[in-house]
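Some notes on the structure that comes next.
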């Protein structure tokens, strides 16, 4: 039986004895920006200066190291501030650099690591004040967060010993050796933890239903749903990449709660790094005796395997996911029966998403009351969000339920940016929340608490946690069309309302943005959206109309401009764009007016010209003639 306290104590002693530790962000985004190349360059540069360096700190490798003279260069999962990556942290000191490149490494080693000097240009710069910050606590992006699922964001994901040193597998041991299945279910229920995958159903209640299932078959399953497919969402991927053992431990606790001895992690094949790290974590957990047979000296056994999905968005729906695991085409099935009664291979099954399961060890280890002390009365705890779009600080965040959109967008996000990347004071137009199944929120909702109930009232959902910020240069009709096209492409085709309804909704949206729409088109679109919402078999179809209905509700004037005035107010719809000449770019050369075949352009030499939109036929002759890029909207 593994001695968790001894493993934790030994790791902490090794870490404390180190000369220094450097932590490189090693998640997919930063790796794409060259973070592992930066790590390798740091290792080589330190060795050139005669430093002892290691990239591992397990008990096996530490035996041959003189820790007092060793620099440990490790990687981490997502540290959150993706906009500023690659990120490099320094311990002791606790500060970090942003946008570190391989060519910066010699200077970083010589000045900072060996010389103790701070390189100002590599420190985080506030997008508005332009002030440089050395420590996390001074950066609003970090200061306004509260992390549970992302609490281990600086640990080495491939080192089980570091995970154990942070309290890892203590919750699983407690659940297995000190609690009955009923007590585990009740503790999770008392915590108020709800499913973070979009459903918002009480996790403990789902577990109780499965434990007490009318199907008395002894074989039961736990499934981790890692089939994250929302555009702009990467929360589950980041948790699997950065803290894989937390996911495994959550599955073990779920297994104990319902009497299962087998778990399946369903993760899309487009997440190769997550697949690799989850497989490595399973192998480590089995090696250290915290996963497998007769765990912690009891008769409880639990095994976990990985299944890679083929990328079908519909497999995020639980019944479609189970069919895929069984080797069938991923298509939703009618409910009831629910998975708690007849799930994988017809056996009672619990399905939770990655984020939900990663929070379970904290609930069991720290207690239901501590978890429930954060958040709202009807939405306990914290929620991760992938903050993307027209916002200064894009990245992965975690905030208590009840945090307002204003705090997320302006404090954590650093403010809205225009199309040139500049932070603006009054350019916020909307936030798309909940992915293709979500809705668009307006400036009037900036002070609304983000939780299940408030979002439901305005026609949106928390979803899995995508937050796409949009500025005033964004056409909301095109936004609705983008998500409708995504959903239509991902429809499995099983039921007519979703298969045909989304196709027809897409066609109606095309009519609108191409200038062929009428008021009747809007009526048809709204009527059809409600029909698809009511008649679809699974939640993919039922929620597919949400972006359309929410934009029709809150941005109807923009739709009316498209169908009545035949104008796209933002100029994003080419067929309806207003042709203009940018006065700041126009030099008054008169070439555009000379080329215009209908005389729509007027102006004097060396003065900005103008286009009469009523006369313009959008032939493009003026744009081709202009050497200064002043003609816009054609």
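A few notes on this one:
- Entirely in region 31-118, the strands (runs of 3 or more DSSP E) that have 2 or more residues that are more than 26 Å from the chain's Cα centre (by Cα), touching a residue at least 40 places away in the same chain (Cβ under 8 Å) and crowded, with 19+ Cβ neighbours inside 10 Å: 70-76
- Extreme residue, farthest from residue 472 (Cα to Cα), among residues of region 413-448 that are out of contact with any helix residue (DSSP H, G or I) (no Cβ under 9 Å at 6 or more places or on another chain) and in contact (Cβ under 8 Å) with a residue 24 or more places away in the chain: 423
- For region 249-271, a residue qualifies if it is closer than 19 Å to residue 185 by Cβ and in a strand (DSSP E or B), and the qualifying residues are 262, 263.
- Scanning region 1-27 for residues that are surrounded by fewer than 19 Cβ atoms within 10 Å (Cβ to Cβ) and in a helix (DSSP H, G or I) turns up 5, 6, 9, 10, 12, 13, 15, 16, 17.
- Any hit, region 473-486, residues being at positive phi, at pLDDT below 95 and not assigned by TED's automatic domain parsing to the domain that holds residue 233: no
- Checklist (1) more than 26 Å from residue 172 (Cα to Cα); (2) modelled with pLDDT of 95 or more applied to residue 333, failing item: (2)
- Qualifying helices (runs of 4 or more DSSP H) (wholly inside region 162-232; at least 2 residues being over 22 Å from residue 338 (Cβ atoms)): 170-177, 181-191
Conditions (1) out of contact with any strand residue (DSSP E or B) (no Cβ under 8 Å at 6 or more places or on another chain); (2) surrounded by 13 or more Cβ atoms within 10 Å (Cβ to Cβ); (3) assigned to a helix (DSSP H, G or I), marked per residue:
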position: 562; (1), (2), (3): yes, yes, yes
position: 571; (1), (2), (3): no, yes, no
position: 578; (1), (2), (3): yes, yes, no
position: 588; (1), (2), (3): yes, yes, no
position: 594; (1), (2), (3): yes, no, yes
position: 598; (1), (2), (3): yes, no, no
position: 608; (1), (2), (3): no, yes, no
position: 622; (1), (2), (3): no, yes, yes
position: 627; (1), (2), (3): yes, no, no
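Conditions (1) outside any loop (DSSP other than H, G, I, E, B); (2) in contact (Cβ under 8 Å) with a residue 12 or more places away in the chain; (3) surrounded by 23 or more Cβ atoms within 10 Å (Cβ to Cβ), marked per residue:
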{"site": "487", "(1), (2), (3)": "yes, yes, yes"}
{"site": "497", "(1), (2), (3)": "yes, yes, no"}
{"site": "500", "(1), (2), (3)": "yes, no, no"}
{"site": "512", "(1), (2), (3)": "yes, yes, yes"}
{"site": "517", "(1), (2), (3)": "no, yes, yes"}
{"site": "522", "(1), (2), (3)": "yes, yes, no"}
{"site": "527", "(1), (2), (3)": "yes, no, no"}
{"site": "531", "(1), (2), (3)": "yes, yes, no"}
{"site": "541", "(1), (2), (3)": "yes, yes, yes"}
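The values are calculated or read from the model by the stated rules, or taken from the named source; none is laboratory data. The structure displayed is predicted, hence computed values, not measured ones. Counting neighbours? That spans all protein chains shown, and the Cβs are built from the backbone with ideal geometry, glycine included.
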